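Worksheet for the structure shown next.
What follows is calculated from the coordinates using simple rules that are stated; it is not laboratory data. A quick note: this is a predicted structure, and the numbers were derived from the prediction, not measured. Backbone-built Cβ (ideal geometry, glycine too); neighbour counts: all protein chains shown.
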Amino acid sequence: MHGITGLPWWSTIALSTAALRVGLLPLVHQQNRVSRKLAKAGPELSMLAQLYRQKVREVATINKAQAGGAVLGLTRSLWKGVRATLVLHEVSVLELLGYPLLNLYVFLLFVFSVRDLVLHGPAALGLEAGGAAWFADLSEKDGTLLLPLSAVCLSYANIDHALGGGAGRG
């Protein structure tokens, strides 16, 4: 993208990231749809888990010698119930896990691409003059640690927001 647009490296990296996120918006919509279906199945899945825990406790107290085989049978029954509930609510596990796995792949692709960019030719690509603000030379280490710290803080804020504001706020 840098070679096509002629933009500085910092804006090329930012625009590439934004373009990728916009391109993934249809998958975000799909993920939200699947999550809503899973939320509808939540009470039934909770009931199955509660019933499973209750039966495991009963088996463990009644017959300790054969508890292992009985627990295995109960676990199989639990998974049958979970699968039936997911089918009933039209929840696909692949759809549910697809977007997070794709995000992981994209993240790793970006990390290794930038790493390769920095390790194999910052001088030839003009990274010395492609930055902005406190990171004007993209070929040098960030002595202030401002960029990695801001990335960590923004990631934490994003996770905190995604999980509903954290455990401390009810």
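Remarks
- Net charge of neighbours whose Cβ lies under 15 Å from the Cβ of Ala132, counting Lys and Arg as +1 and Asp and Glu as -1: -4
- Max-minus-min Cα coordinates of segment 21-83 on each principal axis give 57, 19, 16 Å, with the largest extent listed first.
- Potential extension, Arg76-Leu146 segment - 0.36 nm per residue separation minus Cα distance: 20.2 nm
- Taken along its three principal axes, the alpha carbon spread of the chain comes to 73, 35, 33 Å, from the longest extent down to the shortest.
- A protection proxy built from the mean count of other Cβ atoms within 10 Å ranks the segments 148-160, 43-55, most packed first, as 43-55, 148-160.
- Candidates Val34, Val56, Val82, ranked by Gaussian network fluctuation over the chain, Cα under 10 Å, top entry: Val56
- Ellipticity at 222 nm from helices only: DSSP H runs of n ≥ 4 in the chain, each -39500 (n - 2.57), divided by the residue count, give -25500 deg cm²/dmol.
- Summed side-chain charge close to Gln31 - residues other than Gln31 whose Cβ falls under 14 Å, Lys, Arg +1, Asp, Glu -1: +3
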